[in-house]
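The structure appears below as structure tokens.
The values are calculated or read from the model by the stated rules, or taken from the named source; none is laboratory data. The structure displayed is predicted, hence computed values, not measured ones. Neighbour counts run over all protein chains shown; Cβ positions are idealised from the backbone, glycine included.
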């Protein structure tokens with residue numbers, strides 16, 4: 001039986017300053033419900049990524065998408081691109097994605113140093129769109145880049161970036177004990193004065209140190 005949504009750990013952030021509800025509600029679970037994600041919602045998430053800002057409007061991001069319910073074979077191929085640890089829990093997610101970025105500008109072939117930033121921004125937009133639709137996204141740095149390149153015959157000027165597990169929130173009890181604890185633990189972040197500097201490195205900006 002599916003765990004009622006009200007009893008699941010929502011892990012709402014407790015920010016020091018007021019933020020949008022979507023920011024406070026977004027988090028990265030490992031426990032996903034065995035419930036298909038509607039194709040239209042996936043399209044809406046990718047549409048949000050599509051309209052993300054990028055350097056010179058290069059739009060360097062690319063995504064591979066697979067649904068466990070719609071195409072199990074494609075899903076299995078994508079799952080194998082994750083590292084062993086992530087495969088163990090991500091196999092429960094109904095949808096997997098893999099993000100990529102183009103390392104050069106299309107107009108002149110010059111290196112695009114902002115491409116990793118831009119694909120990250122696109123995936124953030126995708127994630128907040130998901131949050132607005134009661135979906136959750138867990139992004140993963142732990143991928144097997146060589147496997148991904150071979151599986152999808154990735155061109156040399158593209159770089160695999162991250163895996164993304166997508167779905168509705170599930171019951172933490174499906175996870176191993178250690179991961180259950182992490183799933184239920186409160187969220188935390190560094191305070192602003194640890195990463196917002198003024199005119200000297202590691203000196204907090206007055207704007208945040210006086211807040």
*Condition test on residue 122, is it at pLDDT 95 or above and touching a helix residue (DSSP H, G or I) at 6+ places or on another chain (Cβ under 7 Å)?*
yes
*Could you please give the count of residues in segment 152-167 that are buried (at least 21 other Cβ atoms within 10 Å of the Cβ) and either without any contact (Cβ under 8 Å) to a residue 40 or more places away in the chain or more than 8 Å from the chain's Cα centre (by Cα) (or both)?*
4
*asked:* Condition first: over 24 Å from residue 117 (Cα atoms), surrounded by 12 or more Cβ atoms within 10 Å (Cβ to Cβ), in contact with a helix residue (DSSP H, G or I) (Cβ under 9 Å, 6 or more places away or on another chain) and touching a residue at least 12 places away in the same chain (Cβ under 8 Å). Can you find one or more residues in segment 186-202 that meet it?
replied: no
*asked:* I'm told residue 47 meets every condition in (1) touching a helix residue (DSSP H, G or I) at 6+ places or on another chain (Cβ under 6 Å); (2) touching a residue at least 40 places away in the same chain (Cβ under 8 Å) except one. Can you identify the failing condition by its number?
replied: (1)
*Just one of the numbered conditions (1) assigned to a loop (DSSP other than H, G, I, E, B); (2) at pLDDT below 95; (3) loosely packed, with under 11 Cβ neighbours inside 10 Å is not true of residue 173; which one?*
(1)
*Flag for residue 93 being part of a loop (DSSP other than H, G, I, E, B), modelled with pLDDT of 95 or more and within 17 Å of the chain's Cα centre (by Cα)*: yes
*Quickly run through segment 117-139 and pick out the residues that are within 10 Å of the chain's Cα centre (by Cα), crowded, with 20+ Cβ neighbours inside 10 Å and over 21 Å from residue 169 (Cα atoms).*
122
*Look through 109, 142, 81 and report the one residue that is surrounded by fewer than 16 Cβ atoms within 10 Å (Cβ to Cβ) and either closer than 19 Å to residue 49 by Cβ or touching a strand residue (DSSP E or B) at 6+ places or on another chain (Cβ under 9 Å) (or both).*
142
*Considering only segment 17-42, state which residues are within 19 Å of residue 162 (Cα to Cα) and part of a helix (DSSP H, G or I).*
42
